[in-house]
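The values are calculated or read from the model by the stated rules, or taken from the named source; none is laboratory data. Worth saying up front: this structure is predicted, and the values here are computed from it rather than measured. Cβ atoms come from the backbone with ideal geometry, glycine included; neighbour counts cover every protein chain shown. We work out accessible area using only protein heavy atoms, side chains counted, and drop any ligands, DNA or RNA first. Shrake-Rupley method; radii C 1.70, N 1.55, O 1.52, S 1.80 Å.
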Amino acid sequence: MSQTPEARTRDNQTRQIQESVNNVEKHFGELCQIFAGYVRKTARLRDKADLLVREVNTYADTETPTLKHGLKNFADEFAKLQDYRQAEVERLESRVVEPLKSYGGIIKLKREDLKVTLSARNREAKQMAQLEKTRQRNPSDRQIISQAETELQRATMDAARISQQLEETIDNFEKQKIKDIKKLFAEFVTIEMVFHGKALEVLTAAYQHIQDIDEEEDLEVFRNSLHPPDFQSRLDIVRANSRSGSTSRAPSVISQPPGNRQKNRMEDDEDGEDDNDENSTEDEN
């Protein structure tokens, strides 16, 4: 016995509902996994940024004043950015991932509704087959045939009622699905916009802190560090003594080369001999 037009229509509706539920189950599941992975990646990026902040602070402690100050301020701004990133992670988890996860339970309920509908359709089909057999076996037994027709009518009414309920349920499901997917993506975009807006503000401040580093001042500090204060003081004393020695000199014996000194001694000896000769001449006279 072939199906009635109403039964065929209900079967087509059921298949379409099944396809719709399967489609949501598949793609919402994929979206849930991808968004969850996105949140985990963002959290790992936050952790890496925390390590960067720690290392910048550690390095800054070893540097010259304005470089240290600039790096410390940069690290503070970057740490603030990670607070915003943490808020981003928490909001994505609660407003995007969790609602998608909840569709697992919703899909399960829709499948239960489908099972109820399919069971009602199966009972209707069985009663229809039973009526056909009764008519073939007992074509003249109106009581049995009437009873089978009554059972079929009851099964058909149940199937129609349950199908109507399923149609209303799946209509609400589709309406809620569209509303939820619209809200989920709006939440995602809003959360990202808020984070990136704050990120632009904080990174602008961090950039300015880096630009405020005075290269010449830090270079002068570094150069001065190559000459400790006590070394500079000693150097200044030596220079001062050198200048005073050149302006006030005490009289001193002019040193002569060894050759000149020997020549002078020979001249002195000759002068002495001349004096002796003059004295002898005077005695003889």
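Just one of (1) within 29 Å of Glu187 (Cβ to Cβ); (2) of a type in the set (Gly, Ala, Ser); (3) under 18 Å from the mean Cα position of the chain (by Cα) fails for Gly105. It is (3). Among residues that are over 60 Å from the mean Cα position of the chain (by Cα) and closer than 21 Å to Asn12 by Cα, Leu131 is not included.
Looking only at residues in the range 163-181 that are open to solvent by 20 Å² or more (accessible area, probe 1.4 Å) and over 41 Å from the mean Cα position of the chain (by Cα), the one that is nearest to Lys72 (Cα to Cα) is Thr169.
Are any of the residues in the range 144-162 touching a residue at least 60 places away in the same chain (Cβ under 8 Å), in contact with a helix residue (DSSP H, G or I) (Cβ under 8 Å, 6 or more places away or on another chain) and either of a type in the set (A, V, I, L, M, F, W, C) or under 30 Å from Phe28 (Cβ atoms) (or both)? Yes, the conditions are met somewhere in the range 144-162.
Would you confirm whether any residue within the range 58-73 is of a type in the set (Gly, Ala, Ser), surrounded by 15 or more Cβ atoms within 10 Å (Cβ to Cβ) and within 30 Å of Ala125 (Cα to Cα)? The answer is no; no qualifying residue exists.
Could you please find all residues in the range 202-222 being under 32 Å from the mean Cα position of the chain (by Cα) and of a type in the set (A, V, I, L, M)? Break it down stepwise before answering.
So in the range 202-222, the residues under 32 Å from the mean Cα position of the chain (by Cα) come out as 202-215, 218.
If the condition is that a residue be under 32 Å from the mean Cα position of the chain (by Cα) and of a type in the set (A, V, I, L, M), then Val202, Leu203, Ala205, Ala206, Ile210, Ile213 are the ones that fit.
Would you say Glu215 is modelled with pLDDT of 90 or more and either over 30 Å from Ser94 (Cα atoms) or among the aromatic types (Phe, Trp, Tyr) (or both)? Yes: the conditions hold for Glu215. Identify the residue in the range 117-134 that is of a type outside the set (A, V, I, L, M) and touching a helix residue (DSSP H, G or I) at 6+ places or on another chain (Cβ under 6 Å) and, among all such residues, is surrounded by the most Cβ atoms within 10 Å (Cβ to Cβ). Selected residue: Glu124. Considered as a group, the residues in the range 76-97 that are buried (at least 17 other Cβ atoms within 10 Å of the Cβ) and touching a Lys or Arg at 6+ places or on another chain (Cβ under 8 Å) include one that is nearest to Glu216 (Cα to Cα), and that residue is Leu81. Scanning the range 4-48 for residues that are open to solvent by less than 60 Å² (accessible area, probe 1.4 Å), at pLDDT below 90 and basic (Lys, Arg) yields a single hit, Arg10.
The rows are residues; the columns are (1) closer than 30 Å to Phe78 by Cα; (2) modelled with pLDDT under 85; (3) open to solvent by 50 Å² or more (accessible area, probe 1.4 Å).
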residue: Pro99; (1), (2), (3): no, no, no
residue: Leu109; (1), (2), (3): no, no, yes
residue: Lys115; (1), (2), (3): no, no, yes
residue: Ile145; (1), (2), (3): no, yes, no
residue: Thr156; (1), (2), (3): no, yes, no
residue: Ala159; (1), (2), (3): no, yes, no
residue: Lys183; (1), (2), (3): no, no, yes
residue: Glu201; (1), (2), (3): yes, no, yes
residue: Thr204; (1), (2), (3): yes, no, yes
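Note on the range 134-162: residues that are under 60 Å from the mean Cα position of the chain (by Cα) and either closer than 21 Å to Glu19 by Cβ or acidic (Asp, Glu) (or both) total 3. Criterion applied to Ile210, Ile178 was being touching a helix residue (DSSP H, G or I) at 6+ places or on another chain (Cβ under 7 Å) and at negative phi, and the one residue passing it is Ile210. Flag: Leu51 does not match the condition of being at negative phi, touching a residue at least 40 places away in the same chain (Cβ under 8 Å) and part of a helix (DSSP H, G or I). Only one of the numbered conditions (1) modelled with pLDDT under 95; (2) in a helix (DSSP H, G or I) is not met by Glu88, and that is (1).
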